[in-house]
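What follows draws every value from the coordinates through simple rules; no lab data is involved. All values reported here derive from a predicted model rather than from experimental measurement. Quick reminder, even Gly has a Cβ in these numbers, built from the backbone with ideal geometry, and neighbours come from all protein chains shown.
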Amino acid sequence: MYYLSKIQDTVRIPPYKFEDPLEEVVIETLNETYNGELDKNLGLLVSVNDVEEIGEGKIIMGDGAAYHDVIFNAIFYKPEIQEIIKGYVIEISEFGAFVRFGPMDGLVHVSQVTDDYINYDGKRGALLGKESNKFLEEGDSVRARIVAISIKGKTTKDTKIGLTMRQIGLGKLEWIEAEKKKAAPKSSTKKKSAN
C-alpha cells in the first residue's frame, strides 16, 4: 500500500548549489539521500515530491554549507499482510517464482503457485503444472496475495515477502481470464419477435 507521510529533517546544501532554486535543491538532496531507504514503520521511501516548509539556513564553522530544517511530504510503499498485488515474474527457480510489484520483490514458493503438482523446467526456465498444463515463465503478469513479511535492515535486499497464488482470483492473469470465461453463464441467442 502506498502512503503519503509528512517528515521533518535537516538538509545540508553545499555552497556550489547556493545559486540554484532552494526548493529544487532540497527535493533533489532529499531524494538522493533517502530514495530507496527502508524504514520498518514507514516502509520504502519511493519519492520526495513536495516541501512544505524550509527554515532559515544555518552555517556551521569549518563546513561552509547551509543547513536547513525542512518539513516535506514523501511517498512510501509499505507491504501489508493480505494485500493483493499485481506484478510480473522476474525470475524462475526450482523453489519458486520471484515477482516484482511496484518497488519491491516477493517470492511465490512452488507450493503456492497452483493446487496442481509443479515441476521445474530448467531449460525453459518455467514452472509447469503436471495435470493442468499451466506454466509460469519470466515476464508473466500475475496477481498474488502477500502472506508473509520480514523487514530487516535499511534496503529491500534485506526484506523477504512471501506470496501465494492458490486462491480464487489469483495467479497468472491468463489463468484468471480462462477461469472467468469458464464460470460465465452462456447467453441465449433467441430472437424476440415484434408483435
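Quantify how much of the Cα-Cα distance distribution of the chain extends past 25 Å, in percent.
Details: 10280 of 18915 pairs.
It works out to 54 percent of all Cα pairs.
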> Using a simple charge model, +1 on the beta-carbon of Lys and Arg, -1 on the beta-carbon of Asp and Glu, nothing else, what dipole does the chain show about its Cα centre, in debye to the nearest 20?
Replying inline: 1860
> Relative contact order for the chain using alpha-carbon pairs under 8 Å, separation at least 6, rounded to a whole percent?
Replying inline: 18
> Within the range 57-97, which chymotrypsin sites (Phe, Trp or Tyr not before Pro) sit in a loop by DSSP and count at most 15 neighbouring Cβ atoms inside 10 Å?
Replying inline: Phe95
>> With angles folded into 0 to 90 degrees, how steeply does helix 173-183 sit against the dominant principal axis of the chain? Use alpha carbons for both and round to 10.
In response: 40
> Using +1 on the beta carbon of Lys and Arg, -1 on that of Asp and Glu, and nothing else charged, what's the dipole of the range 1-84 about the Cα centre, debye to 20?
Replying inline: 260
> Which order do peptides 9-19, 38-48 fall in by mean Cβ count within 10 Å, highest first?
Replying inline: 38-48, 9-19
>> I'd like the orientation of helix 22-34 relative to the chain: the angle between its Cα long axis and the longest Cα principal axis, in ° from 0 to 90, rounded to 10.
In response: 60
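Rank-order 26-36, 101-111, 54-64 by packing density, defined as the average count of other C-beta atoms within 10 Å over each peptide's residues, highest first.
Working: 26-36: 15.8, 101-111: 19.0, 54-64: 10.6.
Ranked from most to least packed, the peptides come out as 101-111, 26-36, 54-64.
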> Say R0 is 41 Å: what FRET efficiency, to the nearest 0.05, do Arg100 and Tyr16 get from their beta-carbon distance?
Replying inline: 0.65
>> Among the listed pairs Lys130/Lys172; Lys6/Lys157; Lys134/Lys181; Lys78/Lys154, which have their C-alpha atoms separated by more than 19 angstrom in this model?
In response: Lys6/Lys157
> Sequence-distant or interchain residues sharing an amide H contact under 5 Å with Ala66, placed H: which?
Replying inline: Ile13
> How high is the FRET efficiency from Thr155 to Lys182, r the C-beta distance, R0 30 Å, rounded to 0.05?
Replying inline: 0.10
> In the range 81-179, which trypsin sites (Lys or Arg not before Pro) fall in coil by DSSP and have 14 or fewer other Cβ atoms within 10 Å?
Replying inline: Lys123, Arg124, Lys130, Lys152, Lys154
